[in-house]
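Written below as structure tokens is the structure these notes are about.
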Amino acid sequence: MLYEKYSNSNIAISPTVKIKNDIGNFSPYIKFGGSLNFTKIKEVHDLPSNAIYNSEEYVYSGNYSLGWVAGVGLNYLIGEEFLIFTELQLNSLTFYPDKLEYTKIDGDTRITQIYHPKETLPGGNGYPGLEALRSFPFSSIDILIGLRFTI
């Protein structure tokens with residue numbers, strides 16, 4: 001049986017333009033802008049017991065991605081220093097890595113190879129070779145709720 005684990009990390013810088021209207025203690029708003037993202041993805045495949053080696057790791061990294069952010073929200077002012085907010089936010093980007101660290105693991109033995117765009121992974125375990133780097137679409141719809149205070 002094949003087991004797969006995925007993990008990723010993303011650092012994003014997202015400058016946005018916010019347009020709001022104050023109506024008493026309420027402030028509805030919309031926002032939109034771009035995002036600059038630095039992403040790293042790790043896949044681990046634990047292979048079946050009849051495979052040539054025990055597991056594989058794929059670590060995709062080495063490039064930045066541009067995306068966009070949009071949201072609609074509402075602030076509620078509580079006194080002069082505190083406000084409660086809620087927001088529905090959309091983030092959209094596609095990650096195009098330019099480096100793949102491919103590692104075969106057999107017990108304590110680790111063999112690592114580095115691949116770059118347009119290179120092909122060798123076939124193995126009955127599978128044909130695949131293009132080493134591919135795109136990863138990342139999009140999310142988030143609901144944000146919080147308390148903001150002024151120092």
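The values are calculated or read from the model by the stated rules, or taken from the named source; none is laboratory data. Treat the numbers as computed from the prediction; the structure is a model and nothing was measured. Using ideal geometry, Cβ is built from the backbone for each residue, glycine included, and neighbour counts are taken over all protein chains shown.
So for segment 54-63 (the condition being part of a strand (DSSP E or B) and either in contact with a helix residue (DSSP H, G or I) (Cβ under 9 Å, 6 or more places away or on another chain) or farther than 24 Å from Thr109 by Cβ (or both)), does at least one residue qualify? Full working, then the answer.
Within segment 54-63, the subset part of a strand (DSSP E or B) is 55-61.
Still in the list and also either in contact with a helix residue (DSSP H, G or I) (Cβ under 9 Å, 6 or more places away or on another chain) or farther than 24 Å from Thr109 by Cβ (or both): none.
For segment 54-63, residues part of a strand (DSSP E or B) and either in contact with a helix residue (DSSP H, G or I) (Cβ under 9 Å, 6 or more places away or on another chain) or farther than 24 Å from Thr109 by Cβ (or both): absent.
Looking at segment 96-135 only, could you name the residues that are modelled with pLDDT of 80 or more and among the hydroxyl-bearing types (Ser, Thr, Tyr)?
Hits for segment 96-135 are Tyr96, Tyr102, Thr103, Thr109, Thr112, Tyr115, Ser135.
Anything in segment 6-55 that is of a type in the set (D, E, K, R), farther than 23 Å from Ser92 by Cα and modelled with pLDDT of 90 or more? List them, or say none. Steps first, please.
Step one: filter segment 6-55 for residues of a type in the set (D, E, K, R), giving 18, 20, 22, 31, 40, 42-43, 46.
Of the ones still in play, those that are also farther than 23 Å from Ser92 by Cα are 22, 46.
Within segment 6-55, Asp22 is the sole residue that qualifies.
Collect the residues in segment 6-32 that are among the charged types (D, E, K, R) and closer than 30 Å to Val44 by Cα, keeping them in residue-number order. Reasoning before the result, please.
Filtering segment 6-32 down to residues among the charged types (D, E, K, R) leaves 18, 20, 22, 31.
The answer is none; no residue qualifies.
Can you give me the number of residues within segment 68-87 that are charged (D, E, K, R) and in a strand (DSSP E or B)?
Within segment 68-87, the subset charged (D, E, K, R) is 80-81, 87.
When the remaining residues are screened for being in a strand (DSSP E or B), the result is 87.
Final tally of qualifying residues: 1.
Enumerate the pairs (first residue in segment 1-30 and in contact (Cβ under 8 Å) with a residue 40 or more places away in the chain; second residue anywhere and acidic (Asp, Glu) and surrounded by 10 or more Cβ atoms within 10 Å (Cβ to Cβ)) with beta-carbon separation below 6 Å, excluding pairs fewer than 6 apart on the same chain, so at least 6 apart or on different chains.
Tyr3/Asp46
Identify the single condition in (1) within 28 Å of Phe149 (Cβ to Cβ); (2) under 22 Å from the mean Cα position of the chain (by Cα) that Tyr76 does not satisfy, given that it satisfies every other one.
(2)
Could you tell me which residue of segment 10-29 is surrounded by the most Cβ atoms within 10 Å (Cβ to Cβ), considering only residues that are under 29 Å from the mean Cα position of the chain (by Cα) and of a type in the set (A, V, I, L, M, F, W, C)?
Taking the candidates together, the pick is Ala12.
Right, Phe26: touching a strand residue (DSSP E or B) at 6+ places or on another chain (Cβ under 9 Å) and farther than 30 Å from Glu101 by Cβ or not?
Working: touching a strand residue (DSSP E or B) at 6+ places or on another chain (Cβ under 9 Å): yes; farther than 30 Å from Glu101 by Cβ: yes.
Spelling it out, Phe26 is indeed touching a strand residue (DSSP E or B) at 6+ places or on another chain (Cβ under 9 Å) and farther than 30 Å from Glu101 by Cβ.
Between Gly73, Gly62, Gly67, which is in contact with a His (Cβ under 9 Å, 6 or more places away or on another chain) and surrounded by 15 or more Cβ atoms within 10 Å (Cβ to Cβ)?
Numbers: Gly73 fails: in contact with a His (Cβ under 9 Å, 6 or more places away or on another chain); Gly67 fails: in contact with a His (Cβ under 9 Å, 6 or more places away or on another chain).
From the options Gly73, Gly62, Gly67, the qualifying one is Gly62.
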